[in-house]
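The values are calculated or read from the model by the stated rules, or taken from the named source; none is laboratory data. Remember, it's a predicted structure, so these values are computed and weren't measured experimentally. No Cβ is skipped: glycine too gets one built from the backbone with ideal geometry, and neighbour counts run over all protein chains shown. Each accessible area value is taken on the protein alone, full model and side chains, heavy atoms only, with ligands, DNA and RNA left out. Shrake-Rupley method; radii C 1.70, N 1.55, O 1.52, S 1.80 Å.
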Amino acid sequence: MRLVASQTLQEGAELARPIFNEKGKVLIQKDVTLTSPLIKRLQERGVTYVYIKDELTDDIHINSPLPEEMRLEAIQLVKQSFTTFQNNGFEKSAFLLDKTSKNMTNMVDSMIGQVTGNDEILTVMSDILIADDYVFAHSINVTLYAIALATELKLPAKQIRQLGLGAMLHDVGKMFIPDEILNKTGKLTDAEFDIMKSHTETGFNFLRQSTSFPLLIAHCAYQHHERLDGSGYPRGISLEEIHPFGKILAIADVFDAVTSNRVYRDAMLPQEGLEVLYAGSGKLFDRELVRTFKNAIAIYPNGATIRLSDNRIAIVVKQNNQLHERPIVRVIKENEQDVQPYDIDLSKQFDLTVTSYQI
């Protein structure tokens, strides 16, 4: 299967993976032949990339970081919990938070088991999912990235669990932001942005009421928008004033934000998302954590079309887990002309590098 930008889809292409919404409903089934109305629908719903069938790539497999059922169950758990908090209001929801703590802890433990028990590198574009409310899917993605980074750092199991819970709950304060601001598709006014930024303090004050979660979980909500140079919010703290979990979540949060499908912006590809992090490395984000995060995810996902440094065009076939920037690729063009496909292991061809995506 091959990763293709929805803007370049042609009629007659066959979907290689189904497209879901966050309720687990299949919006477009695998094997469906795409028509112009279907392609337009995908574009209107904010789907930037899809996997299609391709005779050159039938043997390329895409590995999901979570089983489909677990991912959808996790999103529904967050959605049901957050919506309950929202409907009952800030003051009345503290006991509901404690009531759901066991379910959230069990889900985080299951996610940790999937990430740490899988030899495959985390592939961030494996699932094409249309989220009606970005916050819920985002919470699960940030949890996955945070667990993957913590695992790469070899943090103790207890800390990974606490970080996972903090990641799952880091945006809970947004449930107490007015919907017209939270769901606004246009640019926020300065006053609206000030209200939006308050979700960090609101989330902290909400979570610290819990008797089931340690206070550190509340600080994850409090600090995930802080930056090393003091330019973040809500307190503008810097460097060592920021807890290590806050530094990890800053990276996971921004990476998912820029690589997710949004109604008002196309998703970036993983390497492009990493470039955003590297641009702020040492100033906004911890430099060593950014480097470690790079080692925890697939930079060039399977099925992606890329250009090599000698201008050959190739498709990523398989990851080299110890050399994430140097996957196995299948050359399909030389000098812009189609050729009989052949594979190259970039971990053994150090004179070649990937220079760009060609999706």
Point to revise | Calculated P(r) tail over 24 Å for the range 136-252, as whole % of Cα pairs | key: 24 percent
Review point. Gaussian network model of the chain, Cα springs within a sub-10 Å range: biggest mean-square fluctuation belongs to which of 139, 260, 309?
Key: 309
Study note, to complete from the structure: In a Gaussian network model of the chain with springs linking alpha carbons closer than 10 Å, the residue among 16, 137, 218 that fluctuates most is 16
Point to revise | Separation between Cα centres of the range 199-221 and the range 38-115, rounded to whole Å | key: 22 Å
**Study point:** Among 38-48, 346-356, the order from most to least packed when residues are scored by Cβ within 10 Å on average
**Key:** 38-48, 346-356
Check your understanding: Per residue, what accessible area does the chain have, given a 1.4 Å probe and all protein chains present, in Å²?
Key -> 45 Å²
Exercise for review: Compute the long axis of helix 244-259 from its Cα atoms, compare it with the longest principal axis of the Cα atoms of the chain, and write down the angle in degrees, 0 to 90, nearest 10.
Suggested key: 50 degrees
Review point. Rounded to the nearest 500 deg cm²/dmol, what is the calculated helix-only ellipticity per residue at 222 nm for the chain, with -39500 (n - 2.57) per DSSP H run of length n ≥ 4?
Key: -13500 deg cm²/dmol
Study note, to complete from the structure: Here the equivalent ellipsoid of the range 155-197, derived from its Cα gyration tensor, has semi-axes (largest first, whole Å) of 31, 9, 8
Check your understanding: So how do 318-326, 197-205, 286-294, 163-171 stack up, highest first, on mean other-Cβ count within 10 Å?
Key -> 163-171, 197-205, 286-294, 318-326
Point to revise | Average Cα contact separation per residue, the chain, under 8 Å, 6 or more apart, as relative contact order % | key: 16 percent
Point to revise | Where Rh is the Kirkwood radius over Cα pairs, Rg/Rh for the range 227-359 | key: 1.07
**Study point:** Per-selection Rg to Rh, the range 60-126 - Cα, Kirkwood hydrodynamic radius
**Key:** 1.11
Check your understanding: residue 30: accessible area at probe 1.4 Å, nearest 10 Å²?
Key -> 100 Å²
Check your understanding: How much space per residue, in cubic angstrom, does the convex hull of the C-alpha atoms of the range 185-242 take up?
Key -> 89 Å³
Practice item. Express in Å², to the nearest 10, the accessible area of residue 36 obtained by rolling a 1.4 Å probe over the protein heavy atoms while all chains stay in place. Key: 60 Å²
Review point. Build a GNM of the chain with springs between Cα atoms under 10 Å: which of 296, 13, 252 gets the top mean-square fluctuation?
Key: 13
Check your understanding: Roughly what angle does helix 157-168 make with the longest principal axis of the chain, taking Cα atoms, 0 to 90 degrees, to the nearest 10?
Key -> 90 degrees
**Study point:** Proportion of all alpha-carbon pairs of the chain beyond 36 Å (%)
**Key:** 22 percent
Practice item. Would you please classify the overall shape of the range 231-301 from the alpha carbon gyration tensor, given that a ≥ b ≥ c denote the square roots of the eigenvalues, rounded means a/c under 1.5, and beyond that prolate means a/b larger than b/c while oblate covers the rest? Key: oblate
Practice item. Could you please state how large a percent of the accessible area of the chain is carbon and sulfur, counting protein chains only and using a 1.4 Å probe? Key: 47 percent
**Study point:** Environment charge at residue 56 (Cβ cut-off 15 Å; Lys +1, Arg +1, Asp -1, Glu -1)
**Key:** -2
